[in-house]
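The values are calculated or read from the model by the stated rules, or taken from the named source; none is laboratory data. Computed from a prediction, not measured in an experiment: that's the story for all the values here. Every residue, glycine among them, receives a Cβ derived from its backbone with ideal geometry; neighbour counts consider all protein chains shown.
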Amino acid sequence: MSDEDAADGTADGVGVAAEGERETDESAGAEQTGPTDDTPESTDDAAAEREADDGRDAAARADDQDDARGDAEALAAGVADHDEALAREVAALEAELADARAELRDRDEEVAELTSKLARVRADFSNYKQRAKRKQEDIRERASEALVERITPVRNNLLRALDQEAGSDLRPGVESTLEKFDEVLADEGVDPVDPDPGDEVDPERHQVMARVDSDRPAGTIHEVYEPGYEMGDRVLSEAKVTVSADDDGE
C-alpha cells in the first residue's frame, strides 16, 4: 500500500469516528430534551399534590383544634366540678364552724353562770363560817358567863371567910383556894370590879346599896360591900357599894 492510500484510509477512519460521536451526542441530547417538570401536565400534578397536602394539613389542624377544644371543654368541666366540690366543702366547713361557735357561746354562758353560782356559794359559805364562828364565840362566852355567875358567889364567900377567920387555922387554906380561884377567873377573862374608896360611882358597874356618913367626898364610894365582875366588855355583876352622903344626909 502506498503512503497516499494509507493517508486516505486514516482520514476515512477519523471521519467515521467523528460522525459516530455526533450521533451519540444527538441521541444524548434527544434523551435530555424528553418531558420535564415544566410541562403543563407535570405542573398540574404538582399543584394537585400540593392541594392534597394542604387539605391533609388543614384536616390535621382541624382535628388538632377539635382535640384541643375537647380537652379545653373537659378541663373546664373538671374545674367546674372541682369548684362545686370545693364550694360544698367550704359550705360544710362554714356550717360546722357556725355550730362550733354556737356551742362555744353556750359553753361560755354556762361557765359564766357556774362561775357566778360558785361566787355566790363561796360568799354564802364565808358568811356562814363567820356566823358560825360568832355563834360559837357567843356560846363559849355565855357558857363562861354562866360558869362565872355560878362561881363568883363562892369567891365572895371565901372573901368573907377570910374577914371572919382572921386568927383561924383555916385562913392559909382559904387564901390558897382564893388564889387558885382568881387564876381560873383570869384564864376565863374575868376581872373583878373592885373600886377603891373615894372613887367616883360608875352607874354601869356599881350598885349603890346605901348612903352613909363618911369623911369621903360626897357622892363617892365609901366602902365596897361586895365586888362585882366583868368579862370583856360585859358586866356580869355590879359591885355593891356604899356611897358617902351629902352634908344634909342625902
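Data for the structure
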{"quantity": "Residue that is surrounded by 10 or more Cβ atoms within 10 Å (Cβ to Cβ), among the acidic types (D, E) and farther than 30 Å from Y225 by Cα, where the choices are E110, E145", "calculated": "E110"}
{"quantity": "Residue count for the range 189-207, restricted to those that are hydrophobic (A, V, I, L, M, F, W, C) and within 60 Å of the chain's Cα centre (by Cα)", "calculated": "1"}
{"quantity": "Residue in the range 154-167 that is of a type in the set (D, E, K, R), surrounded by 10 or more Cβ atoms within 10 Å (Cβ to Cβ) and more than 27 Å from V212 (Cα to Cα) present", "calculated": "no"}
{"quantity": "Identity of the residue in the range 173-188, under 16 Å from A146 (Cα atoms) and loosely packed, with under 13 Cβ neighbours inside 10 Å, that ends up farthest from the chain's Cα centre (by Cα)", "calculated": "A186"}
{"quantity": "Number of the condition not met by V235 [criteria: (1) surrounded by fewer than 16 Cβ atoms within 10 Å (Cβ to Cβ); (2) out of contact with any strand residue (DSSP E or B) (no Cβ under 6 Å at 6 or more places or on another chain)]", "calculated": "(1)"}
{"quantity": "Qualifying residue in the range 197-216 (condition: modelled with pLDDT of 90 or more, farther than 30 Å from E137 by Cβ and among the polar types (S, T, N, Q))", "calculated": "no"}
